[in-house]
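First the structure, in the form of structure tokens, and then the observations on it.
The values are calculated or read from the model by the stated rules, or taken from the named source; none is laboratory data. Predicted model only: the values in this text are computed from it and were never measured. Cβ: placed from backbone, ideal geometry, glycine included. Neighbour counts: every protein chain shown.
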Amino acid sequence: MTKPLSGRVAVVTGSAKRMGKAIALELARDGAAIVVNSLSDEAAAHATAKEIEALGSRAVVCMADVTQEEDAARLIQTAIDSFGQLDILLSVPSPRPQAPIEEMSLETFTHTLSVVLNGAFLTIRAAAPHIRKSPAGRIITLGGQGTHRGAKNRVNVSAAKGGLVGMTRTLAREFGGDATVNCVAPGTIVDDSDSPEATENRLKLTPVEGIPMGRPGRIADVTAMIAFLCSDKGGYITGQTLHVGGGSVMP
């Protein structure tokens, strides 16, 4: 049976670890060739590429800082040079320093905006001519529910992810029928690889009793939504922020 993303090529930024890696592996299982990207952890990036190849898909690694114009362009060009095309772009990176606004430095705030917004802008801009040529172009950014319900001590992340919502709506109109553009906003997500402390901190943001489905999400819940949006079945959804949070946000 043909896999739903066979013959398609995806660039997944920040895909050496955790959520980005899980997204890359999910798309690879569905048949996509993947450009794995990391800022600095080359060993982790190559390990992810090997896992993708073990699934029967193709992979190449590109170490690049997506906040830098030349690096973002080189990342996209890697897909073209390696696979001859680009169909899917996932913008994943999200720094998560936390502090009350009185204690948050301007440097921390602007760095978060740069990674999330500049990174998305630069990679999407570089990818646009290639994705417009694809018969199934997809652009997906990773938002967050804190933007929509508020999250103490995370004004930097909430502001940056809020920018992705506006970017999504505008680019959906710009790309029109050439590509879909969506934002996926995970809720409280825990994973078996998380430390107990990390899980506890995430559950502080949204306690289980605040989630109508009565449980935190898993990374697989998020990657399943992304895989659907990348498939032909998701081809008439664009300009949307799709919440994967068990009902904790109901816009």
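Looking only at the stretch 31-72, which residues are more than 17 Å from the chain's Cα centre (by Cα), within 23 Å of A224 (Cβ to Cβ) and not in a helix (DSSP H, G or I)?
G31, L55, G56, S57, R58, A59
What number of residues in the stretch 235-251 are farther than 15 Å from H148 by Cβ and surrounded by fewer than 20 Cβ atoms within 10 Å (Cβ to Cβ)?
Number of matching residues: 4.
Looking at A128, A220, A151, which is the one that is surrounded by fewer than 21 Cβ atoms within 10 Å (Cβ to Cβ) and under 22 Å from A64 (Cβ atoms)? Give the derivation first.
Working: A220 fails: under 22 Å from A64 (Cβ atoms); A151 fails: under 22 Å from A64 (Cβ atoms).
Only one candidate passes the filter, namely A128.
Any idea which residue in the stretch 105-122 is farthest from the chain's Cα centre (by Cα), counting only those that are among the polar types (S, T, N, Q) and over 12 Å from P93 (Cα atoms)?
Looking at residues that are among the polar types (S, T, N, Q) and over 12 Å from P93 (Cα atoms), I get S105.
Are there any pairs, at least 6 apart or on different chains, whose C-beta atoms fall under 7 Å, with the first in the stretch 231-251 and under 22 Å from L203 (Cβ atoms) and the second part of a helix (DSSP H, G or I) and of a type in the set (K, R), and if so, which?
Pairs found: V249/R149.
Considering every residue within the stretch 67-80, establish whether at least one is among the charged types (D, E, K, R) and more than 30 Å from A159 (Cα to Cα).
no
I'm trying to understand the selection: among the residues of the stretch 167-199, which are of a type outside the set (S, T, Y), outside any strand (DSSP E or B) and either modelled with pLDDT under 95 or closer than 18 Å to L142 by Cβ (or both)?
Those that are of a type outside the set (S, T, Y), outside any strand (DSSP E or B) and either modelled with pLDDT under 95 or closer than 18 Å to L142 by Cβ (or both): M167, R169, L171, A172, G187, D191, D192, D194, P196, E197, A198.
Within the stretch 213-223, identify whether any single residue is under 20 Å from R8 (Cβ atoms), in a helix (DSSP H, G or I) and in contact with an Asp or Glu (Cβ under 7 Å, 6 or more places away or on another chain), and answer yes or no.
Yes, there is a match, as at least one residue in the stretch 213-223 is under 20 Å from R8 (Cβ atoms), in a helix (DSSP H, G or I) and in contact with an Asp or Glu (Cβ under 7 Å, 6 or more places away or on another chain).
List every residue pair whose Cβ atoms sit under 6 Å apart, with the two residues 6 or more apart in sequence or on different chains, where the first one lies in the stretch 109-120 and is farther than 12 Å from L142 by Cα and the second, anywhere, is small (G, A, S).
Once the first residue is farther than 12 Å from L142 by Cα and sits in the stretch 109-120, its partners that are small (G, A, S) give T112/A160; L113/A160.
Given (1) of a type outside the set (D, E, K, R); (2) assigned to a loop (DSSP other than H, G, I, E, B); (3) touching a residue at least 40 places away in the same chain (Cβ under 8 Å), where does A159 come up short, assuming only one miss?
Condition not satisfied by A159: (2).
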